[in-house]
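Values in this text are rule-based calculations from the coordinates and carry no lab data. Since we're looking at a predicted model, the values are computed, not measured. When we count neighbours, we look across all protein chains shown, and the Cβ atoms used for this are built from the backbone with ideal geometry, even at glycine.
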Amino acid sequence: MKYLPCEDEEVHKLIQEEQARQEQTLSLIAAENIAPLSILEAAGSVFINKTVEGYSGARYHAGSRCADALEELTVRRAKQVFGAQYANVQPHSGTSANLAVYLAALKPGDTVLAMSLSEGGHLSHGHPLNFSGQVYRFYHYGVDRHTEVIDYDQVEMLALRHRPRLIVAGSSAYPRLIDWQHLRSIADRVSAHLMVDMAHISGLVAAGVIPSPVPHSDFVTSSLYKTLQGPRGGFILARQEFGPALDRAVFPGCQGTPILPLLAAKAVCFKRATTPQFVQMQYQVVRNAQALAHALGEHGLRLVTGGTDNHLVLVDLRNIGIKGNEAEAALESVGIVANRNLVPYDPEKPTITSGLRLGTPTVTNRGMGEGEMRAIADLIAETLTNMGDDAVISSVRDRVRALCSQFPMPGWATLPGAAWANLKP
Ligand code: DSN
C-alpha cells in the first residue's frame, strides 16, 4: 500500500495486522473464503466515486454510461453461470437480497415457512429478533431428531396446516444436500412460492458439484463471499415473470444507489466461476470437507448427520464434554479459527452451543488437500482433548504455524509492502 500509510497510519496498521492474522492462522469458518486479488482490485476501483439509482437505461443521474455497461455485464454473467432467466445484482448483502424477495412476494403479516435457525437456517429466515420475524408470520421446520436430515414430512404437514404464501429453504449450518424437487412439490401442493437462499453453497452450485435449486425455485438469493469466492454483496435470481416486482423491491423498495465497485467485483467473480480451475477447486472443497469429517470421526468426534455432502462439517461436542464456545476459544489459541454453532435440539443457548462448525473453502483455496485435512483433524482433536495442557497447546500452535507457512495465501507474496508477514497474528 502506498497512500494509506501516509494518510492514516491507524487504519493501515489494522489492515496489516489483519493480513498477518489471516496468513498465520487456519480459517475453518464455513462462511469465509479468500477473494482473489483481481476481485480486491475491482472492489477498490474508481467506480466507488459514481452514484447511480435505478437500472441501466433508466437512471436518475447523468454520467452512467460505464455503470450501465457494468451492470448489464454483471447481470448477463450471473444469469449465465446459474442458468437463470432473471438476475438482480444490486443487493448489498445476502440478507438484503432476502429482504427484497420478501418485499416483492409478500405483504406484511403474510405466512412463511422456513428452516429454523437452531437447526441450520438463517437469521433472515424469520428469527424473532430479525426484521423478517417481526414483519411476517414465520413458522419453522427442522430436522429429524434421529437422522438429523430435513424432515420433509414435517415440512409438508406444516405447509398444509399453515398454508404459507412462501416456503424458504437454504441453510447456514446444514451439511447435507437439500431435496429441491421435494420442496417444490410441497410448495405446489399449497400454491406457495419457493425461495432458496443458497448463500453457503452457491460456489458448489455454480460449478455443478451439487444440484442447483434454480430450476425448481421461484426465487434464489445468495451472497458471494462464501464458496463463490467473490466480494461482499448479494444477488437474486428468479423466473422472468418476477423481474419487474423484484426490480422495484430492490430499488426503490429497500435500497438507494448500488455499490458499483462491488458490482465490478461481482462481475469478475461470475466470470471466474465458469473457469475449469474454479470448478476443480469446488470439487476439492467437498473432498476436503469429507476427508476432514472422516478423520474427525476417527478421533471419536460425533458429526451431525454422520458426515457431509458439501463444504461444512458440524461437530456435536457433547460426547467429549466441551461446549462450543470453549472449543472455539481453545482452537483460536492455537491458530485454528472456527465458530461455535448450535446442533439440532441443542440444550445450550446460541452464545454457548454444543457444536462447532468447520468449513473447507479457505484452506482449499490455500492449496491444501485431503492429507492436510487429516493433519488438521489431528490438530483439532489434540487441542480439544488437551485443553489446559500448555506443552501440548504450544506444540499444536507451532504445527499450525508451520502448515500456514507451507500454504501461503494465494498471490499475497506479490502484494507491495508485504510487511505483515512478520507481524504477530
Ligand atoms: N450467515 C453467516 C454464517 O453463516 O456464518 C455469515 O455469513
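Computed values, structure above
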| item | result |
| --- | --- |
| Rh (Kirkwood; distinct C-alpha pairs) - region 271-425, Å | 16.5 Å |
| When each of Lys107/Lys349; Lys50/Lys271; Lys226/Lys271; Lys79/Lys226; Lys13/Lys323 is checked by Cα-Cα distance, pairs over 26 Å | Lys107/Lys349; Lys13/Lys323 |
| Förster-model FRET efficiency, 56 Å R0, Tyr152 and His12, C-beta, rounded to 0.05 | 0.60 |
| Net charge, Ser395 excluded, C-beta distance under 15 Å - Lys, Arg +1, Asp, Glu -1 | -2 |
| The chain: proportion of alpha-carbon pairs further apart than 26 angstrom, % | 57 percent |
| DSSP bridge pairs, the chain: antiparallel proportion in percent, nearest 5 | 55 percent |
| Gained length - Asn49 relative to Thr274, 0.36 nm times residue gap less alpha-carbon distance | 78.1 nm |
| Extension gain (nm, one decimal) between Phe131 and Val392, 0.36 nm per residue minus Cα-Cα | 89.4 nm |
| Amide hydrogen neighbours beyond the local backbone of Val337, cut-off 5 Å, H modeled | Leu26, Ser27, Leu28 |
| Dipole axis of the chain (+1 Lys, Arg; -1 Asp, Glu on Cβ), positive-most option in Ala238, Thr414, Tyr136 | Ala238 |
| Coarse-grained scattering of region 142-267 at q = 0.15, 0.21 Å⁻¹, given as base-10 log I(q)/I(0) from a Debye sum over alpha-carbon atoms | -0.79, -1.30 |
| Segment Ile352-His162, length gained on full extension (0.36 nm per residue, minus Cα span) | 65.2 nm |
| Shape box of region 227-292 [Cα atoms, principal axes, largest first, Å] | 46, 27, 22 |
| Interatomic Cα distance distribution for region 81-227, bins of 5 angstrom, percent | 2, 10, 21, 25, 23, 14, 5, 1, 0 |
| Relative contact order (percent, whole number), the chain, Cα cutoff 8 Å, 6+ residue spacing | 23 percent |
| Distance from region 142-205 to region 369-403 (C-alpha centre basis), Å | 37 Å |
| Separation of alpha-carbon centers, region 222-282 and region 286-329, rounded to whole Å | 31 Å |
| Karplus-derived 3J(HN,Hα), 6.51/-1.76/1.60, for each residue of region 195-208, Hz, glycine and proline x | 10, 10, 9, 9, 3, 6, 10, 4, x, 5, 5, 4, 7, x |
| Around Pro108: net Lys/Arg minus Asp/Glu count, Cβ-Cβ under 14 Å | +2 |
| Helix-derived mean residue ellipticity, 222 nm - over the chain, DSSP H n ≥ 4, -39500 (n - 2.57), to 500 | -12500 deg cm²/dmol |
| Residue-count net charge about Lys226 - beta-carbon cut-off 15 Å; Lys, Arg +1, Asp, Glu -1 | +2 |
